[in-house]
Amino acid sequence: MRHLFLVLLISATLSQAFSQELNARVQISAQQIQGSTNKEVFRTLQKSLFEFINNRQWTNNIYAPEERIECTFQINISELVSSDNYKGTMQIQANRPVFGTNLNTVLVNHRDVDIQFQYVEHDALEFNETTHGNNLTDIIAYWSYIILGMDYDSFSPKGGSEFFTKAETVVNNAQNAQEKGWKAFEGQKNRYWIIQNINDSKYSGIRDFMYQYHRLGLDKMGEKVTIGRSKIADSFKLLQKVYREKPNPYMPYLQLIFDAKADEFVNIFSEGPPDEINRVYNILTEINPANLSKYKKMKEH
């Protein structure tokens, strides 16, 4: 019995050690806060958030240390609402390795402008999947699920559905929250609309793009550049179809892709057959005119 107990204990310990999915860096800046505010509280919060994100088991899957998703949560506190209530913004970034190379590709690069939370130094950071409690941990959980969903979608067709459903649950739980960012009427590109777009079947082409672009395109470029690049070029038709149907005039899900990928698109198609470059250029300038100046660089080589 004692031997069995030790085996179970060791197995549980190993499972816990290899179960965390995110390898997150957390940065908190409060340089805009003037006066005699205790700056130590921000260092304490940064450490607590680091532990909250990296020590939590977000899925039921087992991850080896080298498989954890590299991500960054950078919080810029700009306003002290009260002695323990803060407002600011958060930049969320996440990467994924490209198979057969030593390169990473950006999955998420988004600035959330609706950050408000209450924190008293040394308070425990907790997250409950069934209720809205701590607004900061709910925001972190929401974006963690978005990161996981985007990552899983890039490895298998619509593989991230489970995590997008969890992100939607976080939003639904927060419909009575006082803080902004959770409701439809509070903006056109906030957390509500991003997950609403992702889970809307009218945007399924974007999720198909995530798989074709990454697994069938980027991951193949390490073996055969021309084949991988051709698959990527074809994948833009999926985005074009969604854009032309315009299920939402603001389409924050599509914007989420461009925020993460525009520079990478340029790097990939700075070389290649002229007809392929022209085809990609025409699609991208149609569906993402805001980045026209970037896409013009494709044709300068």
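Rule-based calculations on the coordinates, nothing more; no lab input. A quick note: this is a predicted structure, and the numbers were derived from the prediction, not measured. Because the Cβ atoms are built from the backbone with ideal geometry, glycine has one as well, and the counts that use them run over all protein chains shown.
A few comments on the model shown:
- The angle separating the long axis of helix 225-245 from the principal Cα axis of greatest extent in the chain is about 80 degrees.
- Acute angle (nearest 10 degrees) that the helix 252-268 long axis makes with the longest principal axis of the chain, alpha-carbon atoms: 60
- When the C-alpha to C-alpha distance is required to be over 28 Å, the pairs from Lys183/Lys294; Lys220/Lys299; Lys39/Lys166; Lys202/Lys299 that qualify are Lys183/Lys294; Lys39/Lys166; Lys202/Lys299.
- Candidates Phe164, Phe269, Phe73: whichever shows maximal mean-square fluctuation once the chain is modelled as a Gaussian network with Cα springs under 10 Å: Phe269
- Normalised contact order of the range 16-182, rounded percent, pairs of Cα under 8 Å and 6 or more residues apart: 18
- Counting charges near Thr169 (Lys, Arg +1; Asp, Glu -1) among other residues having Cβ under 12 Å from its Cβ returns a value of -3.
- Net charge contributed by nearby residues that have their C-beta within less than 12 Å of Ile92 (K/R +1, D/E -1): +1
- Residue with peak Gaussian network fluctuation, the chain [Cα springs, cutoff 10 Å], from Arg244, Arg191, Arg56: Arg244
- Within a Gaussian network of the chain (alpha carbon springs, distance under 10 Å), most fluctuating of Asn267, Asn173, Asn197: Asn267
- Helix-only CD estimate at 222 nm, as mean residue ellipticity for the chain, using -39500 (n - 2.57) per DSSP H run (n ≥ 4): -14500 deg cm²/dmol
- Euclidean distance of C-alpha centroids, the range 119-152 and the range 72-109, integer Å: 14
- Ranking of Tyr243, Tyr211 by count of other Cβ atoms within 10 Å, fewest first: Tyr243, Tyr211
- Length-normalised contact order for the chain - Cα pairs under 8 Å, 6+ apart - percent: 12
- Using a Förster distance of 30 Å, the FRET efficiency for Ala177-Ser156 (Cβ separation, nearest 0.05): 0.35
- DSSP assigns beta bridges within the range 16-182; of those with both partners inside it, close to 75 percent run antiparallel.
- Cβ-placed point charges (K, R +1; D, E -1), dipole of the chain about Cα centre in debye, nearest 20: 700
- The label point for Glu121 and the one for Ser29, both projected 7 Å from the Cα toward the Cβ, are 2.3 nm apart.
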